[in-house]
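What follows is a short report on a single structure.
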Amino acid sequence: MDGQRREPHAREARVTTSGISLRPGDPASHAVQDAAASARDVPDFGVDVDATLEWARVAVSTIERGGSPKEQWELLATTAFMDVAAARILEPHLDALNILAESGVQPADLAAIGADAGSTWGVYAAEGPGVRVHAERTFRGWRIDGTKPWCSLAGQLSHALVTAHVEGGRRLFAVSLRDPGVRAHSGPWLARGLADVVSAPVDFDDVLAVPVGDVDWYLRRPGFATGAIGVAACWWGGAAGLVPALAKAARRDDADQLARLHLGRADAALWAARASLAEAADLEPIEPALVAARVRSIVADAAELTLRECDHALGPAPLVADDAHARRVADLHLYLRQHHGERDAVRVGRDAAGSW
């Protein structure tokens, strides 16, 4: 920490400047440490979406893309340790840039939709009942029409990667969210967690689109599994941010064995989750989808256990009197719902059945 300790604003993240490494004793990269330090200068980090987006854009520009994902996952985990909502803002922007790099699409192609180094990105690949986006090639280039659900921050981002139905499957397209044919809904969004990270439908009406990869490339590409683990790194960092409160309770003069039990359970679970992330960063797996599903299940279980141990150890007081703690708990609960619990565990069992 820097020389003079500054008490955080009630709505400001508690920021560490050292970053989080996936390997104990191995410091995070200088880029991750610099990103963590610069977050301290962002008022209402994670709450002021526009300011946090600008921080994310700059932070991502300084880290290596391609090769080992270790530095990227450490940046995501460090961000979530500081503020879960900030990680939820950062992760899709980083994922989109990785996808674009993997696809080989050229900057000159993206210039057609006004995308450049100052762009902020989302990735909209969800499907929902009763809504669908179609893409068609016309004499004016590719155009997309329809409604896409669960589009996070569409009213504040400049660009997005959007999946659309084409003949033979689905294809990914880059679009400008400032195109006059784009209408971002403001809701429904009644969330108590991630309250400022609005995820709502977007309507597309004859919107110019740049194809990114071939038909069904988005799901088949090698980087899909890497991106899925990046979300788990956010979950892990967000859960790790709860541990200092457990440790403080266990250090109190009147702490009993139960206080240490709650800390011990969370510490062990998060240590195992950290180890799974570290190993995945070094692997070149034959079955990347299975590895990603395993890691996500391990991390999600550890994060949910940590939430439960905090509830039991700390009681209701921090949930009603500590804004930062209450917001972290609510944000992490909602973020973890990107994991599908038992359904994802069933997929792991199905894919692992032939491995034993």
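Answer with yes or no whether Asp282 is in contact with a Ser or Thr (Cβ under 9 Å, 6 or more places away or on another chain) and surrounded by fewer than 13 Cβ atoms within 10 Å (Cβ to Cβ). Criteria met by Asp282.
What number of residues within region 313-329 satisfy the criterion of being crowded, with 19+ Cβ neighbours inside 10 Å and over 24 Å from Asp196 (Cα atoms)? Going through region 313-329 one residue at a time, the tally reaches 2. Does region 295-324 hold any residues that are charged (D, E, K, R) and part of a helix (DSSP H, G or I), and which are they? Matches in region 295-324: Arg296, Asp301, Glu304, Arg308, Glu309, Asp311, Asp323.
When Ala266, Ala239, Ala245 are checked against the criterion of being outside any loop (DSSP other than H, G, I, E, B) and open to solvent by 20 Å² or more (accessible area, probe 1.4 Å), Ala245 stands alone in meeting it. For region 99-129, taking the residues that are within 23 Å of Thr147 (Cβ to Cβ) and among the β-branched types (Val, Ile, Thr), the one that is farthest from the chain's Cα centre (by Cα) is identified as Ile113.
Could you check region 331-351 and list, in sequence order, the residues that are open to solvent by less than 30 Å² (accessible area, probe 1.4 Å) and among the small types (Gly, Ala, Ser)? Selection gives Gly341 alone. Within the option set Ala184, Ala195, Ala200, being surrounded by fewer than 23 Cβ atoms within 10 Å (Cβ to Cβ), in contact with a Leu (Cβ under 8 Å, 6 or more places away or on another chain) and not basic (Lys, Arg) holds for one residue only, Ala184. Go through the residues of region 303-312 one by one and say whether even a single one is under 30 Å from Pro222 (Cβ atoms) and either among the charged types (D, E, K, R) or in contact with a helix residue (DSSP H, G or I) (Cβ under 7 Å, 6 or more places away or on another chain) (or both). Scanning region 303-312 turns up at least one residue that is under 30 Å from Pro222 (Cβ atoms) and either among the charged types (D, E, K, R) or in contact with a helix residue (DSSP H, G or I) (Cβ under 7 Å, 6 or more places away or on another chain) (or both). If you filter region 293-312 down to residues that are surrounded by fewer than 21 Cβ atoms within 10 Å (Cβ to Cβ) and in contact with a Leu (Cβ under 7 Å, 6 or more places away or on another chain), you find that the one that is farthest from Ala273 (Cα to Cα) is Leu307. A Cβ distance below 9 Å, combined with a sequence gap of six or more or placement on separate chains, defines the contacts here; from region 239-250, residues that are touching a residue at least 60 places away in the same chain (Cβ under 8 Å) and among the hydrophobic types (A, V, I, L, M, F, W, C) reach residues that are crowded, with 22+ Cβ neighbours inside 10 Å and part of a loop (DSSP other than H, G, I, E, B) in the pairs Ala240/Ile20.
Is it true that Val215 is in contact with a Gly (Cβ under 6 Å, 6 or more places away or on another chain) and not aromatic (Phe, Trp, Tyr)? Judged against the criteria, Val215 is a match. Taking region 303-356 as the range and being over 21 Å from Met82 (Cβ atoms), in contact with a Lys or Arg (Cβ under 7 Å, 6 or more places away or on another chain) and hydrophobic (A, V, I, L, M, F, W, C) as the test, the residues that pass are Leu305, Val348.
The number of residues in region 160-175 being of a type in the set (Gly, Ala, Ser) and over 21 Å from the mean Cα position of the chain (by Cα) comes to 3. The residues in region 130-155 that are more than 24 Å from the chain's Cα centre (by Cα), of a type in the set (D, E, K, R) and part of a strand (DSSP E or B) can be counted, and the count is 4.
The selection criterion, being within 29 Å of Ser61 (Cα to Cα) and either out of contact with any helix residue (DSSP H, G or I) (no Cβ under 7 Å at 6 or more places or on another chain) or part of a strand (DSSP E or B) (or both), holds for Ala126.
Listed by first and then second residue, the pairs linking a residue in region 118-129 that is touching a residue at least 60 places away in the same chain (Cβ under 8 Å) to a residue that is open to solvent by 30 Å² or more (accessible area, probe 1.4 Å), with Cβ atoms under 6 Å apart and 6 or more places separating them unless they lie on different chains, are Thr120/Arg57.
The values are calculated or read from the model by the stated rules, or taken from the named source; none is laboratory data. This is a predicted model, so every value here is computed, not measured. Note that each Cβ is placed from the backbone with ideal geometry, even for glycine, and that neighbours are counted across all protein chains shown. The area values use the complete protein model at the heavy-atom level, side chains included, leaving out ligands, DNA and RNA. Shrake-Rupley method; radii C 1.70, N 1.55, O 1.52, S 1.80 Å.
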